[in-house]
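Here the structure comes first, spelled out in structure tokens, and everything after it is commentary.
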Amino acid sequence: MKQFKVIGVAALALLLSATMAFAIGAGVGRDGTIVGTKGKAKTVQELIDMYDSTGCIDCHEDAHDDWAASPHARSIYGTGRAAATMITAMKNGFMSWEYSGVKSTKDIKVEHWMGCMKCHLPQLADATDEVAVELADTLNEWYANAKKALKNPDDKKAIAIRDKHQKTLTSLNINCLVCHNRMAITHKWTDGYPQHDTVYGFNDGEHEDETFTKMKRSLIMDESIFCGQCHGMGPNLELENPTQCATAYGSYMWAYRAEGGQESCQECHMEKSGLGHKILSYSDETMQKMAIDFKVESYVSQWLDGSTLKPKAVVKVKMVNRSGHSIPDG
């Protein structure tokens, strides 16, 4: 009897391991990723903690300060406008689509969000559907109380709730670990999966950190394809309901590289601009000057309208796009 119990337990363990392997998908090493070792986040806070990069600050303070001033540090919230746009995408998008299966926020799943979050929060794919619901409720509560606080600046309760949710939303972002771990390898079947104890950049070796003890070179860290994972090719045709959004990488590939352009996104937006990890674009004066030649010529004269002499102004405007992609874009 004891022997049968042992065999039964072993068979169950084998079945569970096979089921788990199937659940996390194909590919050797996927189980060593951050989500592979920790399991999917079940709450928004768990997702924040899963990709918490505050441990990077001690050694990389300058890079962190630059990043903190970047749009990537507020990839969901933005200035508040991005968060409001997420709500619009939810209410006027998948909550209004007949076959989405969403009638209220409790019906929302991770895949419903990915039209936005594929770029604004790619690590949402490492969370359960409960997190998708919580994110929707957080956005709605933030917006409702932000409106109350705007209408009545003395409404302390509304201000407190608004600020609480704003803190949560700004903690969901594209940070060090998203870039230097999760998104650091594109060709995972040839180059391997990003491992939970490794940071990826330009060097191989040991890394002085209790959690991320190794450094490995990422083959794409200084290549435009790294940025192209989010600033994409155009329609996200892999989604159940494709969206046409960011096309910067597609424009870069077909209108710039195809014509012989050689510079990468990182060379312009980080190195030549001197912006480092701020990685700004149209909001930065330096990037504006790098991207566009803007010339204006004007002169005044007079012209005869019948028997009446009238003043005339002639203005010639010449704008040349010197960036590596169409403008505006994202």
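Read-outs: derived from the displayed coordinates by stated rules, not from any lab. Predicted model, so just to flag it, every value in this text is computed and none were measured. All Cβ positions, glycine included, derive from the backbone under ideal geometry; neighbour counts span all protein chains shown.
Output the relative contact order of region 40-185, whole-number percent, from Cα pairs under 8 angstrom with separation of 6+ residues. Write down the numbers at each step before the final one.
Details: 160 pairs, mean separation 50.9, N = 146.
This gives 35 percent for region 40-185.
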Cα long-axis angle, helix 2-24 against the chain (0 to 90 degrees, to the nearest 10): 10
Candidate lysines - alpha carbon under 29 Å from Lys289, same-chain residues fewer than 8 apart omitted: Lys272, Lys278, Lys316, Lys318
R0 of 30 Å, Cβ-Cβ distance Thr213-Met290: FRET efficiency to nearest 0.05: 0.15
Label corresponding to Cα extents along the principal axes in Å when calculated from the structure given, among (1) 117, 51, 42; (2) 83, 50, 35; (3) 92, 42, 30: (1)
Greater than 22 Å apart at Cα, pairs in Lys91/Lys157; Lys147/Lys167; Lys38/Lys188; Lys42/Lys106; Lys40/Lys103: Lys91/Lys157; Lys40/Lys103
Alpha-carbon centroid distance for the pair region 307-330 / region 245-277, whole angstrom: 25
Residues of region 79-95 with amide N under 20 Å of the 7 Å Cα→Cβ point at Ile48: 79-87
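May I ask you to derive the relative contact order of region 55-141, considering only C-alpha pairs under 8 Å and at least 6 residues apart, and to give it as an integer percent?
Across region 55-141, relative contact order equals 24 percent.
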Relative contact order (%) - criterion: Cα under 8 Å, at least six apart; region: the chain: 15
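Quote the FRET efficiency, to the nearest 0.05, computed for Ser301 versus Lys272 with a Förster distance R0 of 41 Å and r equal to the Cβ-Cβ distance.
0.50
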DSSP bridge pairs, the chain: antiparallel proportion in percent, nearest 5: 75
Simple label model, 7 Å out from Cα along Cβ direction - Thr190 to Asn203, nm: 2.8
Helix-derived mean residue ellipticity, 222 nm - over the chain, DSSP H n ≥ 4, -39500 (n - 2.57), to 500: -11000 deg cm²/dmol
Inter-site label distance for Asn241 and His60 at 7 Å from Cα along Cβ, in nm: 3.6
Anisotropy class of region 178-280 from Cα gyration tensor, a/c 1.5 cut: oblate
